[in-house]
1. Report, ordered by the first and then the second residue, all pairs with beta carbons closer than 7 Å, sequence separation of six or more or different chains, a first member in the range B:253-281 that is under 13 Å from B:S236 (Cα atoms), and a second member that is surrounded by 14 or more Cβ atoms within 10 Å (Cβ to Cβ) and of a type in the set (V, I, T).
2. Filter the range A:192-217 down to the residues that are within 12 Å of chain B (Cβ to nearest Cβ) and within 26 Å of A:A99 (Cβ to Cβ) and list them by number.
3. Conditions: (1) modelled with pLDDT under 95; (2) in contact with a Gly (Cβ under 9 Å, 6 or more places away or on another chain). B:I175 meets all but one. Number of the miss?
4. Looking at (1) under 30 Å from B:T178 (Cβ atoms); (2) in contact with a helix residue (DSSP H, G or I) (Cβ under 8 Å, 6 or more places away or on another chain), which is the one condition that is false for B:F237?
5. Testing B:P244 on (1) under 30 Å from A:L189 (Cβ atoms); (2) surrounded by fewer than 22 Cβ atoms within 10 Å (Cβ to Cβ), one condition comes back false. Which one is that?
6. Regarding the range B:21-41, can at least one residue be identified that is under 22 Å from B:L253 (Cα atoms) and buried (at least 19 other Cβ atoms within 10 Å of the Cβ)?
7. Among the residues of the range B:151-160, which ones are farther than 18 Å from B:G114 by Cα and either in contact (Cβ under 8 Å) with a residue 12 or more places away in the chain or of a type in the set (K, R) (or both)?
8. Across the range A:147-179, what is the total count of residues that are in a loop (DSSP other than H, G, I, E, B) and either hydrophobic (A, V, I, L, M, F, W, C) or under 11 Å from A:V206 (Cβ atoms) (or both)?
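The values are calculated or read from the model by the stated rules, or taken from the named source; none is laboratory data. Note that the structure is a prediction, hence the values are computed from the model and not measured. When we count neighbours, we look across all protein chains shown, and the Cβ atoms used for this are built from the backbone with ideal geometry, even at glycine.
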Amino acid sequence: MTTTVSERVPTGPASDALLSVQDLHIRFSTEDGPVHAVNGVSFDLAAGEILALVGESGCGKSVTAMSVPGLLSPNATVDGRILLQGRDLLGLSAKELRAVRGKEISFVFQEPMSSLNPAFTVGKQIREVLQRHEGLSKKAAHERAVDLLRLVRIPAPERRVDEYPHQMSGGMRQRVMIAIAVACGPKVLVADEPTTALDVTIQAGVLDILRGLRDELGTAIILITHDLGVVADLADRVVVMYAGRPVEQAEVHELFAHPQHPYTNGLLGAVPHREKGVELVAGRRLREIPGLVPSLRSDPDECVFAPRCPRSTEVCVSRRPPLEPTRPHHPAACFHPGEDE
Amino acid sequence: MTTAAAPMSQPGPALAVPPPRQRRSRRLVKRFFRRRLSVFGLVVLVLILALALAAPLFGDPGRNDFSAVLQGPSAAHPLGTDDLGRDTLARIAYGARVSMQAGVMATLLAMAVGVPLGLIAGYYRGWADLVISRLTDLLLAFPFLILAVGLAAILGPSLRNVVIALGISALPSFIRVTRGEVLGLREQDYVAGAVADGAGDTRILSRYILPNAISPLLVQATVTIPEAIIGESVLSFLGLGVQPPTPSWGTMLSAAQGFLSQAPLLAVWPGVAIALAALSFNLVGDGLRDTLDPKAER
């Protein structure tokens, strides 16, 4: 297992990034015409870093992550560059991509109840990945499977390893999925809404496990979520997406302290929170963002958030706001950046 | 699956280790044995199989005894004798071999061809699906028995050809059932997960899709076997199947036709045998369907 990935010397231009996504554009051709799902997303992921992709449903965050190991359906066109340690994944063959999937980049999906194969024990499913990617013997793979279940803090792993998914709770299954995902020591773990389907009491445990993986194995994590609480808890850096475009990008503390884009401000206003020392006020209304996410049929040359934006002016609909720093190391795509009141 | 939503809403103690539960297979067996009719079917089935396996114990089915022709049941011949003085019990027992073979082999043949075709059609879709599905429609346009009779007539009479004719006739239902299952299974989250883990098509089909499609296929098999058993009898009855003097339930029925007034029992025994064999498979199949029904799970 290679956990010290940062030692290797990448050959690509983004020198210190483990994964570098550059100017990613994803278009789906459908019967009703093209859908511009992702327009110009760029980010770097360093080893051991946790990067959150945040946004509403349909903003392109999952599609962005799925495109990295080539998991999109055949009707998707992906442009840009996706460099994993300098190697452009977009140029790989189907077979080469299969070797990357599960081994170097692996996924944890949202639905723990249906994401495990009901026909086999969880142990067999973990062994499966190990035997395929690592060529382990059955016995070695079994021992490793028990270790992995222990790593994701499943009690009595020696016995649990022989259980079927239907014998486990949702939280357990999510842990098993994480165990499968990290079985081969991936460099990048993509967690797509890993806690959304779980009870709040279990969510914290799963987040703890993810944090533990980063700390112990040095796994870089792309965290896809719309839950800003999860972001604040876990992420190092945040990319806020809106309608397929990145609108703001910053360190997590910087973003929460000084949100620049009105959409980010809106997201933060829509979260229940308590002020310093003040109890959560009953009856205090959460702010919602008026309007709906625009259709992705076109990629207009204007600010896509303008129709819902309280700060919008003529300039917002005349051209596209560039993603440029409005504070140090804190780019936002807005002509009127700043914090709400 | 809709049943999946229920356990999620329970704020159960996720970390507590539940008491060891029975393996799924044992629970399924238990559930099956709660159904009396299915157990009855299973018992009859086992008896017929035992009869077929122990056939030599019941004497030589070809030995003529012209001193005892068309006799009723007696100590020497528990089920009587036929028009050539042959022991009916021995012939029923040997006939069971033919019927079971024809039923099981034809079904296995249909599965061996139909399941892969169904997997390809359902998984890859596209033109492969188009071709396979239209072929299925074509075969389904003919009723099962008519198709079998036609094919047997072309192929010529023999047990092997009966198996082929019945196997082809049973093919479309296996393609349909498999394809339908695959269409649902390929959209499952765990299949998407397998792709994300780097699994290829072969592995996905063999490890993720086929194992989860086994239950309906097993049930389809228990429906097809009795169909094929009856089909074999029909073909043999019409002279398109097993040829005399090889005993088969169908040929026995056919021969008994001529002596319905003198020895009606001669037609009753193979008739009862066919009916019991078909019934027992159907009962077992019903039991399996109810036992393996995922909605009955949990």
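1. That search, which allows pairs on different chains as well, returns B:P270/B:I92; B:I274/B:I229; B:I274/B:I230.
2. Result: A:D192, single match.
3. So the condition that B:I175 fails would be (1).
4. Against the list (1) under 30 Å from B:T178 (Cβ atoms); (2) in contact with a helix residue (DSSP H, G or I) (Cβ under 8 Å, 6 or more places away or on another chain), B:F237 comes up short only on (1).
5. (1)
6. No, because not a single residue in the range B:21-41 is under 22 Å from B:L253 (Cα atoms) and buried (at least 19 other Cβ atoms within 10 Å of the Cβ).
7. B:A152, B:A153, B:P157, B:S158, B:L159, B:R160
8. The total comes to 6.
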